[in-house]
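One structure below.
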Amino acid sequence: MNPNSTPHDAGEFTGRNALVTGAASGIGLAIARRLAAGGAAVTLADFNQEGAAKAAAELTASGATAIAVRVDVTDPASVEEAVRTAADRLGGLHLAVNNAGIGGVTAPTGQYPLEEWRRVIATNLDGVFYSLRHEIPAILASGGGAIVNMASTCGTHGFPNTPAYTAAKHGVVGLTKTAALEYAAKGVRINAVVPGFIDTPLLAAYDPAKRDLLVGLHPAGRLGTAEEVAEMAAFLLSDRASFVHGSLHLVDGAYAAR
Ligand SMILES: NC(=O)c1ccc[n+]([C@@H]2O[C@H](COP(=O)([O-])OP(=O)(O)OC[C@H]3O[C@@H](n4cnc5c(N)ncnc54)[C@H](O)[C@@H]3O)[C@@H](O)[C@H]2O)c1
């Protein structure tokens, strides 16, 4: 990474290969689009193979290089295979975004269903660890790069009735800092984005009254958009962030400023 490189232009990711998990929908899709618009060759990895393939076709039609791979981030072998496929087909890996995630059911901690606890932790925390474990060696072998993990304000604050989600996202924050320390001098910058509530399909399950409550948590007076989160991820993955390591980057409409 060049600390003297200047700002963002249409080709800031030209020559970089990126892997985005959970890229078939919402924030991951917006990030894949943003990186492709910046010139990256993008692997869209998702459980939802059809959605990822559709998004990759859209990017290819716009002139970008994009491929889709199926991944289940709860399965280490699947993650290993996806990272290998991305690096083999595009010729190395430089950038990764560990974004795949689920909300899980809501219930107080004393009644939280055991199987739901495992499912949310497996997706939102184990999945980020498995991804880092395979992405880091691939990025090192490609000469260095950057990684963004998708945390949440639920990774910095408690949120009632979401014990598994908040525990997983707090775990993502700790994992981000630890991995960043380990690789800061080796050419891999690792950071986390901390979105507030963002208007994506993940929130579609909420009834309108609950959505209003969520809006009210943001002094900005609205939910964020996937594109606003993508812009922060793009900054962190770019050379513009060349001295940014191991830190949390809020995109939260002042949620955490209270
Ligand atoms: N929407 C929000 O309010 C919000 C806020 C903070 C953080 N986040 C985080 O942002 C990330 C993306 O969320 P979103 O709102 O775009 O949700 P989304 O539901 O629109 O997208 C999530 C994507 O992850 C994929 N996915 C789920 N489980 C997977 C698995 N096991 N393996 C591979 N892919 C899997 C889904 O198929 C989907 O395409 C998540 O980590 C979420 O926790 C979301």
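Each value in this text was obtained by applying a stated rule to the coordinates, not by laboratory testing. Remember, predicted model here, so these are calculated numbers, not experimental data. Virtual Cβ from ideal backbone geometry, glycine too; neighbours counted across all protein chains shown.
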Strands (runs of 3 or more DSSP E) lying entirely in region 1-109 (those with 2 or more residues that are surrounded by fewer than 17 Cβ atoms within 10 Å (Cβ to Cβ) and within 16 Å of the ligand (Cβ to nearest atom)): none
Filter result (of a type in the set (A, V, I, L, M) and either out of contact with any strand residue (DSSP E or B) (no Cβ under 6 Å at 6 or more places or on another chain) or within 8 Å of the ligand (Cβ to nearest atom) (or both)) within region 143-171: MET150, ALA151, ALA164, ALA167, ALA168
Residue identified as crowded, with 17+ Cβ neighbours inside 10 Å, away from the ligand (no atom under 11 Å from the Cβ) and more than 23 Å from LEU29 (Cα to Cα) among ALA254, ALA180: ALA180
Filter result for VAL128 (within 11 Å of the ligand (Cβ to nearest atom) and either assigned to a loop (DSSP other than H, G, I, E, B) or free of Cβ contacts under 8 Å to residues at least 12 places away in the same chain (or both)): no
Total residues in region 239-250, condition in contact with a strand residue (DSSP E or B) (Cβ under 8 Å, 6 or more places away or on another chain) and either closer than 17 Å to GLY39 by Cα or in a helix (DSSP H, G or I) (or both): 1
GLY224 farther than 24 Å from TRP117 by Cα, under 18 Å from the mean Cα position of the chain (by Cα) and within 10 Å of the ligand (Cβ to nearest atom): yes
Pairs where the first residue, in region 12-35, is touching a residue at least 60 places away in the same chain (Cβ under 8 Å) and aliphatic (A, V, I, L, M) and the second is in a loop (DSSP other than H, G, I, E, B) and surrounded by fewer than 24 Cβ atoms within 10 Å (Cβ to Cβ), C-beta under 7 Å, 6+ apart: ILE27/THR200
